[in-house]
Amino acid sequence: MLTQHTRFTIAMAAVAVVAVVAGLTAASLCVGALSTGPGETFRILGNWIHGHGFSSVPTDKETAVLHYRVPRTCVIVIAGIGLGLAGTLIQGHTRNPLADPGLLGISAGAALAIVVGIWFLDIDSVLGQVLLAFAGAAVAATAVFAIGGTGRRGDDPVGLVLAGAAVSALFGALTTTIILRSSQALDTFRHWTSGSVAWVDTGLLLSAAIPLLIGAVIAFASAPGMNLLTMGSEAASSLGLNVPRLRVAGLIAVTVLAGAATAVAGPLAFLGLTAPHIARGLVGADYRLILPMAAACSTAILFIADIIGRVVADREIPAGVMLVFVGVPFFLIVVRRTRFRAVA
């Protein structure tokens, strides 16, 4: 049972995170090579929403806000929510504090599938890329869990990390080989493979938003079962939980969520690792609270990485590169503190 003080603390943390995400969303719409003030930005958005003309606003600023920053902001929200939820589910199902869609090869599988589709099958449609991302994520997730997460080692943190490292290395090498042999794939994925949230087709956003919603529904519906699973598979089964069915639902949700995020933003490492740990520190061990908080924290982290990447240098640095600078130290801290202990 949560005490009144604990409830108040969690509520204040939730309000603070929501306020941070809202502020970062506004900053994302204003910051760029062509800066626009908050008033001017929201006037442009208001005119666009209500279908009014733009005669009083310079065309270049309209273009910057509506055609680049709005889709870019939507990409950050989709990728942030998807990877935050996927990372939380993976850590919960494996009881592994180091689990993450990127570290376990799921993002690498989605990336490889898209590159293979472009090179071998000449697929460049929006829907085709989304379907390929889901297929690649499913193959990678199945391989990792089959190699390192089944049987007696199902709750062993080391098994999943080692299997994920092997699958990521293999898929990453294959992806690099293909893009070096195909100029079309290299041109298309030069920024995508580094984890860029810029230059995204609107149709791709719509194609990824629906699967993201489906995956989120599955994730939130599995939260009560995830709470029981923290006691271990045998204890959860003795309390009436259908553990195999929960595992399958979790695998489907992780595949859909990570696939949607990777389709729109490319492979973003460490995002699904850091957000669940921050969420647990803010709201405790209840997955009904961890999941939405992790989604919000992941979105905030990606906003920060993207905004810093826009302004820190003369040329834009992809968000995936900035995430590595944050994620690697965090990863080492988690390794040192947990020493591969299972998470609650």
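Computed quantities for the displayed model
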item	result
Residue in the range 238-247 that is surrounded by the most Cβ atoms within 10 Å (Cβ to Cβ), counting only those that are hydrophobic (A, V, I, L, M, F, W, C) and free of Cβ contacts under 8 Å to residues at least 24 places away in the same chain	241
Residue count for the range 65-91, restricted to those that are more than 17 Å from the chain's Cα centre (by Cα) and either surrounded by 22 or more Cβ atoms within 10 Å (Cβ to Cβ) or of a type in the set (A, V, I, L, M) (or both)	4
Unmet criterion (only one of (1) touching a Pro at 6+ places or on another chain (Cβ under 7 Å); (2) modelled with pLDDT of 85 or more) for residue 209	(1)
The range 1-39, residues that are surrounded by fewer than 16 Cβ atoms within 10 Å (Cβ to Cβ), modelled with pLDDT under 85 and over 28 Å from residue 227 (Cα atoms)	33, 34, 35, 37, 38, 39
Condition check for residue 260: aliphatic (A, V, I, L, M), surrounded by 24 or more Cβ atoms within 10 Å (Cβ to Cβ) and at pLDDT below 90	yes
Every pair of residues 6+ apart whose Cβ atoms lie under 8 Å, when the first sits in the range 80-92 and is touching a residue at least 60 places away in the same chain (Cβ under 8 Å) while the second is among the acidic types (Asp, Glu) and outside any helix (DSSP H, G or I)	87/100; 90/100; 91/100
Unique residue being touching a Ser or Thr at 6+ places or on another chain (Cβ under 6 Å) and outside any loop (DSSP other than H, G, I, E, B) when the list is 64, 110, 135	110
Leading residue by the ranking (farthest from residue 260 (Cα to Cα)) among those in the range 132-149 that are among the aliphatic types (A, V, I, L, M) and more than 19 Å from the chain's Cα centre (by Cα)	147
Of all residues in the range 283-340 being aromatic (Phe, Trp, Tyr) and in contact (Cβ under 8 Å) with a residue 12 or more places away in the chain, the one that is farthest from residue 231 (Cα to Cα)	303
Members of the range 92-131 found to be within 20 Å of residue 203 (Cβ to Cβ) and surrounded by 24 or more Cβ atoms within 10 Å (Cβ to Cβ), listed by number	110, 111, 113, 114, 115, 129, 130
Close pairs (8 angstrom Cβ cut-off, 6 or more residues apart or separate chains): free of Cβ contacts under 8 Å to residues at least 40 places away in the same chain in the range 9-33, surrounded by 11 or more Cβ atoms within 10 Å (Cβ to Cβ) and not in a helix (DSSP H, G or I) anywhere	30/36
Some residue of the range 156-171 being over 19 Å from the mean Cα position of the chain (by Cα), among the β-branched types (Val, Ile, Thr) and modelled with pLDDT under 85	yes
Failed item in (1) out of contact with any helix residue (DSSP H, G or I) (no Cβ under 6 Å at 6 or more places or on another chain); (2) over 29 Å from residue 331 (Cβ atoms), with residue 18 passing the rest	(2)
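One line per residue, one yes/no per condition, for (1) surrounded by fewer than 15 Cβ atoms within 10 Å (Cβ to Cβ); (2) more than 23 Å from the chain's Cα centre (by Cα); (3) among the aromatic types (Phe, Trp, Tyr); (4) at pLDDT 80 or above:
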position	(1), (2), (3), (4)
183	yes, yes, no, no
203	yes, no, no, no
219	no, no, no, yes
225	no, no, no, yes
236	no, yes, no, yes
249	no, no, no, yes
252	no, no, no, yes
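The values are calculated or read from the model by the stated rules, or taken from the named source; none is laboratory data. Worth saying up front: this structure is predicted, and the values here are computed from it rather than measured. So basically every Cβ, Gly included, is an ideal-geometry build from the backbone, and we count neighbours across all protein chains shown.
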